[in-house]
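J.: Sending over a structure as structure tokens; questions will come in a sec.
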Amino acid sequence: MKKLAPYFLVFSIIFTSCSSNENEVLENTQEKLLQSYTLKRDASGAYSIDFNTTNNTDVTALKNTDNSNEIILSEINTKTKKNYSNKYAIENDQLKIGFIENNSGKKTKISVKDDDITLAKGTVTEFLNSYSVSSNEDGTYKLDFKVNDNVQTEFIYNEDKDVYEIHLSQGDTKQKDFSKHFEMSDTSVLKINFINHKYSAKTEEYTTGKPEVIIETGDF
């Protein structure tokens, strides 16, 4: 009996350790219901979001009293479609969309600051024609955008504000379509801001910072 006691203690430690490791593995391998998404603004100023889920995800879209939008994803035992598309409108220069994954508690918040150019009867803005921001399954992001004729483009990372800036101004250039890849920072926040360099009647330059896109992931 005295010889068996130490082995029993070792067995208990190993069993407890394995159970703990199994729980960690289950948490780390829990399937993400939201696979990818693309936020888009077309040339008319209309916004939409296309997103992909697993084929066992129930999708519920809600609008809150503060005009923010929520897309709730819940895991179910029956097969569902995987591709969705929702249209949205800029209200008071703001658009807020949130994804909530009920199985893991993971949340994604998308905040847009922009003018409602749909009220301008289909006319495009001075520099930016259209753009889209896509999330990829590997955690990276892709920005695609198109500018109008004779628009000069410059990419700058503003380290002080932790924001990726796209500076647009008048210029003699023919390139109109651009793509850029981004990785989210350690703070789980991605900020993209279009900076428009304009001129007043007195030819003094001033800037406007729209559209502005902020993407946040985590628990809120």
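J.: Taking a ≥ b ≥ c as the square roots of the eigenvalues of the Cα gyration tensor of the range 132-192, is the shape rounded (a/c under 1.5), prolate (a/b larger than b/c) or oblate?
T.: oblate
J.: Accessible area per residue for the range 79-188 in Å², computed with a 1.4 Å probe and the full protein assembly in place, what is it?
T.: For the range 79-188, the per-residue accessible area is 60 Å².
J.: Using a 1.4 Å probe over the heavy atoms of the protein chains, calculate the carbon and sulfur portion of the accessible area of the range 61-220 as a whole percent.
T.: Of the solvent-accessible surface of the range 61-220, carbon and sulfur hold 43 percent.
J.: Can you tell me the Rg and the Dmax, both Å, for the Cα atoms in the range 50-90?
T.: Spelled out, the Cα radius of gyration and Dmax of the range 50-90 are 11.6, 36 Å.
J.: Give the calculated FRET efficiency between THR187 and SER85 to the nearest 0.05, with a Förster radius of 25 Å applied to their Cβ-Cβ distance.
T.: 0.25
J.: I would also like to ask the following. Compute the signed sum of charges (Lys and Arg +1, Asp and Glu -1) over the other residues within less than 9 Å, Cβ to Cβ, of ASN158.
T.: -2
J.: Check cross-link reach from LYS87 to the lysines: straight Cα distance under 19 Å, and skip same-chain residues fewer than eight apart.
T.: Excluding near neighbours in sequence, the set is LYS40, LYS63, LYS96, LYS109, LYS113, LYS121.
The values are calculated or read from the model by the stated rules, or taken from the named source; none is laboratory data. These numbers come from a predicted model, not from an experiment. Ideal geometry is used to build each Cβ from the backbone, glycine not excepted, and the neighbour counts take in all protein chains shown. Quick note on the areas: whole protein, heavy atoms, side chains included, nothing else; ligands and nucleic acids left out. Shrake-Rupley method; radii C 1.70, N 1.55, O 1.52, S 1.80 Å.
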